Amino acid sequence: MNHQFMHRKQMGSIRAQCIGRQSGENWAQVEYSFSRTAGRPSVGEQVIVDLMRRRGEAKKDFSDHMRIRTDYPSQSLKVWVGRNIELSQDPVLDVWLGYTPLDAAQHRNRTFGYLSVKKPAIPLVIDLVWPFVVWFTENIFREDKDIVEHEQRAYEAQGADWNNEVFPAIRDLRAVLARCGRMMT
């Protein structure tokens, strides 16, 4: 099965709106807001959102904000949800990722991650839903690892990077990787 098709199919029901981007010498950051255009959220996604919504708060009044930041060589993802989002507050989801090549050819990598979820107000709820949160995030980590490895194989098959990237945030990220990346020996 074509991996790109699988990825698009899974993400097809969510519309991401880029609301800002910034970059520096060794970092790049992009910020998004999301809306569901079709289908139902995964169990893990629904658990995280429902945990962070206050009792009685209408879903239509609920908003979200996600920041993806690369501080070479690691990446972080932070999500805030709720009414009147304040980015100075702790995010409801905070993920740190590092990808370490396992060989000089960089055919395979090991993904290291740290996941932090804001504890809900109701005691013991996090203990009950934690398996769903872990399942949701492990699937994301697995997809990211597969994508990194597919991109490396495409580079090797073509002998160069033939991407003609048009999304400015990805161009920012590629510039950071070009400035900071080092070939393994």
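For Ala121, indicate whether it is in contact with a strand residue (DSSP E or B) (Cβ under 8 Å, 6 or more places away or on another chain) and farther than 23 Å from Asp103 by Cα. So Ala121 fails the test.
A quick yes/no check of all residues on (1) out of contact with any strand residue (DSSP E or B) (no Cβ under 8 Å at 6 or more places or on another chain); (2) within 21 Å of Asp71 (Cα to Cα); (3) free of Cβ contacts under 8 Å to residues at least 40 places away in the same chain:
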| position | (1), (2), (3) |
| --- | --- |
| Thr100 | no, yes, yes |
| Gln106 | yes, yes, no |
| Phe112 | no, yes, yes |
| Ile126 | no, no, no |
| Asn139 | yes, no, no |
| His150 | yes, no, no |
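If the condition is being of a type in the set (A, V, I, L, M, F, W, C) and within 13 Å of Glu149 (Cβ to Cβ), then segment 93-110 contributes Leu102, Ala105. Of the residues making up segment 119-170, those that are among the basic types (Lys, Arg) and under 17 Å from the mean Cα position of the chain (by Cα) number 2. Against the conditions (1) in a loop (DSSP other than H, G, I, E, B); (2) in contact with a Lys or Arg (Cβ under 7 Å, 6 or more places away or on another chain); (3) not acidic (Asp, Glu), Ala121 satisfies every one except (2).
Taken over segment 164-185, the residue count meeting the criterion of being surrounded by 13 or more Cβ atoms within 10 Å (Cβ to Cβ) and without any contact (Cβ under 8 Å) to a residue 60 or more places away in the chain is 3.
Coordinate-derived values only; no laboratory data. Please read these numbers as outputs of a predicted model, since none were measured by experiment. Cβ coordinates were reconstructed from backbone atoms using ideal geometry, including for glycine residues, and neighbour counts include every protein chain displayed.
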